[in-house]
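Okay, so here's the structure we're looking at.
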Amino acid sequence: MEATGTDEVEKIKSKFISAWHNMKYSWVLKTKTYFSRNSPVFLLGKCYHFKTDEPNEMSPNGSNYEISDEVISRNVEEFRKDFISRIWLTYREEFPQIKGSALTTDCGWGCTLRTGQMLLAQGLIVHFLGRDWTWPDALVIENLDSESWTSHTVKKLTSSLEASFTGERECKNQSNHHKKVTKEMWGNREIEDEHCHRKIISWFGDSPLANFGLHRLIEYGNKSGKIAGDWYGPAVVAHLLRKAVEESRDPELQGITVYVAQDCTGKYCD
């Protein structure tokens, strides 16, 4: 009886903490990022310059330098498309209960796990699709930047994407101002790339069956004394990702290994 009472107290405590974190982290204020048009912006190894109409620009220290068409030739729209094409994994709620706990959200404690997932996701995107790949539908959802990103907005978009994984329905056009490129307009390469893109995202789903999902990472963390709701540091997350890749059985992932360096940085290779 005493053990049962303790379990009930823990469940109530978990629900209270989850409710507090949902209230604290679900509201996202609308913000706007400003870039200097006189300075290049680097995104994961690619350089973008938003003022390329003049043959010579002034460097930040006042000296003249010439803009190389090969190095700096990308405009604002290309930057937006590249940025939006990166896989974004963040706090979620109302996913299947994590085994051994009453938690159905990672709000307030899963930040480093999500960061690690995004690091691995980007590595897989570069490995399978290449750094120059961008999502054909990236600019379709661009107008969502003008909205406040509440949990409701994110859940709507996530539900749409998850439904498309199982073929239940196509992602709806989130914008009345941007014309969506339909699947009929894609070539064979685009269709294959999109299939691969969705496959990669499915590996990070918040489901006990997903190779690199939160549930699977928590399961591996239990063997190291970590439980759901604990804060996971970068070193721990790096080793969990290494273990998850090592244990994955998908044919596409065979031969891929994560190496964890002594300074707690990680990378992947064939």
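Tabulated data
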| quantity | calculated |
| --- | --- |
| Members of the stretch 110-133 that are crowded, with 18+ Cβ neighbours inside 10 Å and out of contact with any helix residue (DSSP H, G or I) (no Cβ under 7 Å at 6 or more places or on another chain) | ARG114, GLN117, LEU119, GLY123 |
| Selection count where residues are farther than 19 Å from ILE256 by Cα and of a type outside the set (Val, Ile, Thr), scope the stretch 210-245 | 17 |
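Each reported figure results from applying straightforward, stated rules to the coordinates on display, with no laboratory input. For clarity, every value in this text was computed on a predicted model and none was experimentally measured. Cβ atoms come from the backbone with ideal geometry, glycine included; neighbour counts cover every protein chain shown.
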